[in-house]
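Peer 1: The structure follows.
No value in this document is a laboratory result; all are computed from the given coordinates. This is a predicted model, so every value here is computed, not measured. When we count neighbours, we look across all protein chains shown, and the Cβ atoms used for this are built from the backbone with ideal geometry, even at glycine.
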Amino acid sequence: MSDRLRNVTGLAPTAKLPAYDRNALQAGILHLGPGAFFRAHFAPFTDGALAAAGGDWGIEVASLRTPDVADNLSAQNGLYTVLIRDTSGTTAHVIGSILGAHVAPRDPAGLLARLEDPNIRIVSMTVTEKAYGFDPASGGLDLKHPDIVADLANRHAPRGVIGYLVEGLARRRQKGIAPFTPLSCDNLPSNGAVLKRLVLEFTSRIDTDLHDWIEVNVPFPSTMVDRITPASTDATYADAKRLTGRTDLAAIETEPFTQWVIEDHFVNGRPAWEKVHGALMVEEVSAYEKMKLRMLNGAHSLLAYLGYIAGYEFIRDVMDDAGLAALARRHMNAAAATLDPVPGIDLDAYADELIARFANKAIAHRTYQIAMDGTQKLPQRLLEPATEALANGSKAETYAIAVAAWMRYATGIDRNGERYELRDPRAGEIAALIADVPRNGAAVSAALFKLPGLFPKALTGNVAWTEDVANKLEILIQDNRLPLY
Ligand code: CS2
């Protein structure tokens, strides 16, 4: 393709360009998982920091699985377009912070060599919840996770996130190179603390000296990340072409809102992210994380499951249903009631803003996309706050609705009787649990409550609440929607 985006000269005047010299830039960050969310969030924040304050903080990305995004970025010298959409129109920003892309399965040794480079001072990641090897039941390492099993057996030739981080740190220690800061940017509560625990549990099984060195020398800052980013479609690529004049197969689209709260604990420097609108460096991120996971993501999952089974394709369509929009707001209030005060944030105004963001008509965010990986998302979004809500004397009714909706969704049959793919790492277990169970609320909920490690005992042992789930599920199985939201 001769019109491919490869450099920033001669682009259409409608494209905003990187405001720094990319050719003079070196990589200081290696990022694992260059998916759409990373391209809408981390890379633009770093692009903004480079423009505002410079520094050798270019990014190299590495894909641990599929090569497509990395290959498209490589073909474009790392350049790609972010389309920012709202009802007043779409703007195009060409992002320059990515300098190179690797495909780990194709060249694992090449990626390990990059992890040893002393210039790489941060190894960040957006790999989704399921990639970590986190066991929600124990809060620690899932010793059955395929990457963890493989990497414990073969630590010098890793394939998963934890394996690569540990091998990279081990090599640096052995060669006397200062460590990098691992930086998790996934939607897990205390993502840095979780990552630290997983890395340390993994290391304690293979090398106790390395374990002690990491414990003392490597910080694991937690972050709260937020920007609604649907999967790219043909409309994304067409608009990127129209606004930049170039074909861009790594283009993404997103909303105007963007937020990043980062614990300021870096062992080896960091970009001046605080200079970019939406970024906040703090001592402790947990209050922000809980707020976002419970109010935004919890309501998102609720709407995704109820919306999908009611036949709505996009979250914006669900928000056009007054009953569902009101339910989302009610759930946000219930989630807010489980939170401690969050510095500088009025939770009511935050909820109003979330409702407006969900309703953004310019953002086509599929309910099916958000519904993915429910077993990985439910604990932090819905089950932990539900447990706290019940303990505080609430009926946790909107949580019962959300869980019933997930269970209805987990049956894998849509309102027209057609099957769909669950896209959940535990899809096989779910199907096996309900295969021979009568399709009614009591039976299906009883079966799914038994999914090992998912539901805390405080929920499954609460008869009133589980009956509420069963009753709501029964209605959803019969009618695909609840009568009164
Ligand atoms: C969504 C999130 O897909 C999902 O599960 O809830 O990706 C959500 O859009 C982001 O966390 C918003 O920051």
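Peer 1: Confirm whether N360 is away from the ligand (no atom under 16 Å from the Cβ), surrounded by fewer than 23 Cβ atoms within 10 Å (Cβ to Cβ), under 30 Å from T338 (Cα atoms) and not hydrophobic (A, V, I, L, M, F, W, C).
Peer 2: no
Peer 1: Here's a follow-up. Give all pairs with beta carbons closer than 9 Å in which a residue from segment 283-297 that is in contact (Cβ under 8 Å) with a residue 24 or more places away in the chain meets a residue that is within 11 Å of the ligand (Cβ to nearest atom) and aromatic (F, W, Y); count only pairs at least 6 apart in sequence or on separate chains.
Peer 2: L296/F358
Peer 1: Can you pull out every residue in segment 358-382 that is more than 21 Å from V127 (Cα to Cα), assigned to a loop (DSSP other than H, G, I, E, B) and either touching a helix residue (DSSP H, G or I) at 6+ places or on another chain (Cβ under 8 Å) or free of Cβ contacts under 8 Å to residues at least 12 places away in the same chain (or both)?
Peer 2: N360, K361, I363, A364, listed by residue number.
Peer 1: If you don't mind, there's one more thing I want to ask. Taking segment 248-282 as the search range and keeping residues that are of a type in the set (V, I, T) and in a strand (DSSP E or B), which one is farthest from the ligand (Cβ to nearest atom)?
Peer 2: Applying the filter and picking the extreme gives V282.
Peer 1: Just name the residue that is surrounded by the fewest Cβ atoms within 10 Å (Cβ to Cβ) out of those in segment 78-113 that are hydroxyl-bearing (S, T, Y) and closer than 26 Å to D56 by Cβ. Give the derivation first.
Peer 2: So the first thing to find is which residues in segment 78-113 are hydroxyl-bearing (S, T, Y), and the list is 80-81, 87-88, 90-91, 97.
From what is left, the residues that are closer than 26 Å to D56 by Cβ are 80-81, 97.
Values: Y80: 25, T81: 27, S97: 27.
Among residues in segment 78-113 that are hydroxyl-bearing (S, T, Y) and closer than 26 Å to D56 by Cβ, the one surrounded by the fewest Cβ atoms within 10 Å (Cβ to Cβ) is Y80.
Peer 1: Here is a follow-up. Could you list all residues from segment 447-459 that are in a helix (DSSP H, G or I) and buried (at least 16 other Cβ atoms within 10 Å of the Cβ)?
Peer 2: Selection gives A447, L448, L459.
Peer 1: Name the residue that is surrounded by the most Cβ atoms within 10 Å (Cβ to Cβ), counting only residues in segment 10-26 that are without any contact (Cβ under 8 Å) to a residue 60 or more places away in the chain and under 16 Å from A92 (Cβ atoms).
Peer 2: A19
Peer 1: Checking S222 against (1) in contact with a Lys or Arg (Cβ under 8 Å, 6 or more places away or on another chain); (2) farther than 30 Å from T14 by Cβ; (3) crowded, with 21+ Cβ neighbours inside 10 Å, which single condition isn't satisfied?
Peer 2: (1)
Conditions tested, residue by residue: (1) within 16 Å of the ligand (Cβ to nearest atom); (2) in contact with a Leu (Cβ under 9 Å, 6 or more places away or on another chain); (3) in contact (Cβ under 8 Å) with a residue 12 or more places away in the chain.
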residue: A193; (1), (2), (3): no, no, yes
residue: T203; (1), (2), (3): no, yes, yes
residue: D212; (1), (2), (3): no, no, no
residue: V216; (1), (2), (3): no, no, no
residue: A240; (1), (2), (3): no, yes, yes
residue: R246; (1), (2), (3): no, yes, yes
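Peer 1: Right, next: Is it true that G10 is in a helix (DSSP H, G or I), more than 16 Å from the ligand (Cβ to nearest atom) and farther than 18 Å from T181 by Cα?
Peer 2: Criteria not met by G10.
Residue-by-condition table, conditions (1) within 13 Å of the ligand (Cβ to nearest atom); (2) on the phi < 0 side of the Ramachandran plot:
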site: A356; (1), (2): no, yes
site: I370; (1), (2): yes, yes
site: D373; (1), (2): yes, no
site: P385; (1), (2): no, yes
site: K395; (1), (2): no, yes
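Peer 1: Being farther than 22 Å from P146 by Cα, of a type in the set (A, V, I, L, M, F, W, C), within 16 Å of the ligand (Cβ to nearest atom) and surrounded by fewer than 21 Cβ atoms within 10 Å (Cβ to Cβ) narrows it down to one residue among A178, A231, A235; which is it?
Peer 2: A231
Peer 1: Is it fair to say T233 is among the polar types (S, T, N, Q), farther than 17 Å from D47 by Cα and over 16 Å from the mean Cα position of the chain (by Cα)?
Peer 2: In short, yes.
Peer 1: Just checking, does segment 142-151 include any residue being over 24 Å from P189 (Cα atoms), surrounded by 22 or more Cβ atoms within 10 Å (Cβ to Cβ) and either in contact (Cβ under 8 Å) with a residue 24 or more places away in the chain or out of contact with any Lys or Arg (no Cβ under 7 Å at 6 or more places or on another chain) (or both)?
Peer 2: Yes: segment 142-151 contains one or more residues that are over 24 Å from P189 (Cα atoms), surrounded by 22 or more Cβ atoms within 10 Å (Cβ to Cβ) and either in contact (Cβ under 8 Å) with a residue 24 or more places away in the chain or out of contact with any Lys or Arg (no Cβ under 7 Å at 6 or more places or on another chain) (or both).
Peer 1: Sticking with this one: Looking only at segment 288-310, decide whether some residue is more than 25 Å from E421 (Cβ to Cβ) and part of a loop (DSSP other than H, G, I, E, B).
Peer 2: Within segment 288-310, none of the residues are more than 25 Å from E421 (Cβ to Cβ) and part of a loop (DSSP other than H, G, I, E, B).
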